[in-house]
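Q: Structure in structure tokens, see below.
What follows is calculated from the coordinates using simple rules that are stated; it is not laboratory data. Remember, predicted model here, so these are calculated numbers, not experimental data.
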């Protein structure tokens with residue numbers, strides 16, 4: 001059974017703290033993604049990675065950084081957490097896009113609900 | 001800028017009713033997916049549509065990709081309480097690799 005796991009389901013941090021969210025996939029996928037999900041806004045892409053040590057900014061990268069040292073692991077880092085980063089964070093992985101623009105399924109982890117106080 | 005507009009945002013219906021969720025854009029997508037998310041879980045893929053005008057059926061769910069590849073719809077026949085959840089459409093724009101653009105989501109509640 002394919003699996004994407006996230007290090008924590010719930011996390012409470014204080015403003016200014018450095019926060020690490022870890023994601024591990026066991027499907028040998030090249031692509032990995034970090035999203036944040038807020039009511040009425042759907043999923044917004046923070047960063048994605050096509051390969052080890054490769055990263056690209058998504059739509060809302062400000063205040064975040066990422067690390068991908070191994071193919072199966074993709075970490076999201078909040079350098080100095082702020083209250084407006086309180087959200088649900090979802091990690092996903094997928095094979096690379098196919099020919100003719102066909103996209104493969106993105107497999108999601110269960111999410112980390114982060115509260116910054 | 002929201003490239004994919006999903007409507008309605010909320011839908012509360014009785015068991016047995018039919019419903020349609022819409023996903024619209026001014027952009028052309030090379031392919032489009034629908035996901036369903038239950039509380040406390042990540043989204044799970046329902047279907048991928050690729051060809052303009054394509055229709056796919058998954059039991060009581062019917063998915064359609066617009067002829068111009070700018071819009072899609074999800075129709076549920078005789079909804080059941082087990083259909084309750086958040087439905088998300090997601091599209092891939094040409095030459096954007098594996099990156100997806102997600103709609104805002106439709107929160108569906110089916111009451112017995």
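Q: Can you tell me the relative contact order of the range B:36-112? Whole percent, Cα pairs under 8 Å, sequence separation 6 or more.
A: 24
Q: In Å, the Kirkwood hydrodynamic radius of the protein assembly as shown over pairs of distinct alpha carbons?
A: About 18.0 Å, per the Kirkwood formula over Cα pairs.
Q: If you take every DSSP beta bridge whose two residues both sit in chain B, what share of them, in percent to the nearest 5, is antiparallel?
A: So the antiparallel bridges in chain B amount to around 90 percent.
Q: Roughly speaking, what % of Cα-Cα pairs in the range A:45-114 are separated by over 18 Å, rounded to a whole number?
A: The share of Cα pairs beyond 18 Å in the range A:45-114 comes to 43 percent.
Q: So what is log10(I(q)/I(0)) for the range B:28-67 at q = 0.22 1/Å, when the Debye sum runs over its Cα atoms only?
A: Taken in order of the listed q values, log10 I(q)/I(0) reads -0.72.
Q: In chain A, what percentage of the DSSP-assigned beta bridges are antiparallel, given to the nearest 5?
A: 90
Q: Would you report the distance distribution of C-alpha pairs in the range B:1-60 as whole percents per 10 angstrom bin, up to the bin with the largest distance?
A: 15, 46, 34, 4
Q: Give me the distance between the Cα centres of the range A:16-67 and the range B:62-86, rounded to whole Å.
A: After rounding, the separation between the Cα centres reads 28 Å.
Q: For the range B:48-112, what D do you get in µm² per second when you plug the Kirkwood radius from alpha-carbon pairs into Stokes-Einstein at 10 °C and 1.306 mPa s? Please report the intermediate quantities before stating the final value.
A: Numbers: Rh = 13.2 Å.
After rounding, the answer is 120 µm²/s.
Q: Now, a different point. Mind checking the alpha-carbon convex hull of chain B and giving the volume per residue in Å³?
A: Here the figure is 95 Å³ per residue.
Q: Now a separate question. Over the Cα atoms of chain A, what Rg and Dmax result, in angstrom?
A: Just the Cα atoms of chain A yield Rg and Dmax of 13.8, 46 Å.
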